[in-house]
Amino acid sequence: MIIDWYPGHMKRARAQIIEVLPTIDLVIEVLDARLPASSGNPLLEKLRGNKPCIKVLNKNDLADPTVTKAWVSFFEKQQGVKAIPLEAKDRRDVGLLPKLCRKLVPNKGNKGQKPLRVMIVGIPNVGKSTLINTLAGKKMARVGDKPAITTCPQQIDLRNGILLSDTPGLLWPVMDDQNGACRLAASGAIGDNAFDTTEVSLATIDYLTGRYPALVQQRYKLPKLAETPLAIAEEIGRRRGCLVSGGDVDLHRATELFLRELRAGKLGRISLERPGETAAEAINTSNHEPKI
Ligand code: G4P
């Protein structure tokens, strides 16, 4: 299986970030808490130089809290980096960010100081827009209020000493590693037409039966887990009525259903990668050529 992406987009996005970065004091990189490594882009580390960075592990509500804790420690070992798990729609969670920004750039953003300029970056679908809306939303929507957007059309004044770049810096997922690409596909970060649903699903079932067997059994009421991911997917299909005429399992429908439910958090809080995982322990697509 080859999951590929479009280098043209990547080039344009990189140029946009390079243009804005010199005016920025701090970068917020939004990652998907379920796959914080695969949903990042190493290009950002090169571009940001020694500017401080907050790694937001978003969609915390969907990720395994123990694994997320391990990711926070992992990231905070990096120079100039703070990591914070949150749910971008949750105002209380997001409310912690301005304080953290000021802590990382203590000479800006406080009373009597110059504003602190922040740019939010990340790959598509990690929740950048949701986060910007929660940070800025209510204030901007207030009727009869002074518009929160500054005269500079590129920035949103959060009115707490922080200026937010109003267009998120779009990074692109790195597709060199097909197993990382598989995790991105499983999470919903890349369009379903860019990969083989069945193959991604089978590789993910294989990983989850190793890491979260009880969650898979509970969700699909499986008294025990069958030997192979394919047999498990077929069992899921039978239990959910994903059948073709003659009573055989419609594997495509069954695996689609599985991915949909996984992404919606129906199986529980699940992380798709953990720090220090070896290649043998990680999601692996190579064993799962779909038999259809
Ligand atoms: P982007 O700007 O980085 O591309 O991402 P965006 O904010 O558009 O969010 C992508 C999807 O992720 C949206 O779902 C959004 O609701 C969801 N999302 C964002 N933050 C969180 C979070 O903390 N937890 C969970 N569970 N979901 C989150 P969607 O289905 O594409 O759109 P919508 O129907 O929810 O609006």
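The values are calculated or read from the model by the stated rules, or taken from the named source; none is laboratory data. It should be emphasised that the depicted structure is a prediction, and the values quoted were computed from it without experimental measurement. Glycine also receives a Cβ, built like all others from the backbone with ideal geometry; neighbour counts cover every protein chain displayed. The accessibility values were calculated without ligands, DNA or RNA, using every heavy atom of the protein model including side chains. Shrake-Rupley method; radii C 1.70, N 1.55, O 1.52, S 1.80 Å.
Across segment 234-251, coupling constants 3J(HN,Hα) worked out from phi with the 6.51/-1.76/1.60 Karplus curve, θ = phi - 60°, read 5, 5, 4, x, 5, 5, 9, x, 8, 10, 9, 4, x, x, 6, 6, 8, 4 Hz, and Gly and Pro carry x. Comparing Gly40, Gly80, Gly122 in a Gaussian network model of the chain (Cα springs below 10 Å), the most mobile by mean-square fluctuation is Gly80.
With every protein chain left in place, what is the accessible area per residue of segment 196-263 in square angstrom, probe 1.4 Å?
Heavy-atom accessible area per residue stands at 47 Å².
Give the lysines reachable from Lys128 as a straight Cα distance under 16 Å; neighbours fewer than 8 places away on the same chain don't count. Within the straight-line cut-off, Lys128 pairs with Lys55, Lys59, Lys89. Were the residues from Ala70 through Arg92 laid out at 0.36 nm apart, the gain over their Cα-Cα distance would be 5.7 nm. Secondary structure note: in segment 8-166, about 15% of the DSSP beta bridges are antiparallel.
With R₀ set to 30 Å, the beta-carbon distance separating Gln217 from Asp177 gives a calculated FRET efficiency near 0.50. Can you give me the % of accessible surface on segment 196-263 that is carbon or sulfur? Probe 1.4 Å, all protein chains present, nothing else counted. It is 47 percent, rounded to a whole number. For segment 196-263, the ratio of Cα radius of gyration to the globular rule of thumb 2.2 N^0.38 Å stands at 1.00. Counting only protein chain heavy atoms and rolling a 1.4 Å probe, the accessible areas of Ser245, Ser38 rank, largest first, as Ser245, Ser38. Separation of the alpha carbons by more than 18 angstrom is noted, of Lys46/Lys108; Lys51/Lys103; Lys51/Lys108, for Lys46/Lys108. Restricting segment 1-74 to chymotrypsin sites (Phe, Trp or Tyr not before Pro) that sit in a DSSP loop and have at most 12 other Cβ atoms within 10 Å of their own Cβ leaves nothing. Among Pro22, Pro36, Pro223, whose mean-square fluctuation peaks in a Gaussian network model of the chain (Cα, cutoff 10 Å)? Among Pro22, Pro36, Pro223, the largest mean-square fluctuation in the Gaussian network model of the chain belongs to Pro223.
Could you tell me what a quarter of the Cα convex hull surface of the chain works out to, in nm² with one decimal place? With the hull built on Cα positions only, its mean projection is 17.4 nm².
Computed in the context of the full set of protein chains, the accessible area of segment 19-103 at 1.4 Å probe radius has 54% of its extent on carbon or sulfur. Taken as Cα centroids, segment 207-257 and segment 59-129 sit 37 Å apart, rounded to the nearest whole angstrom. Ligands, DNA and RNA excluded, the heavy atoms of Asp157 present near 50 Å² of accessible surface to a 1.4 Å solvent probe.
Between Ile18, Ile236, Ile205, the Gaussian network model of the chain with springs among Cα atoms under 10 angstrom shows the greatest mean-square fluctuation at Ile18. The label point for Lys266 and the one for Gln113, both projected 7 Å from the Cα toward the Cβ, are 4.8 nm apart. For segment 8-166, the per residue solvent-accessible surface stands at 51 Å², with DNA, RNA and ligands left out and a 1.4 Å probe.
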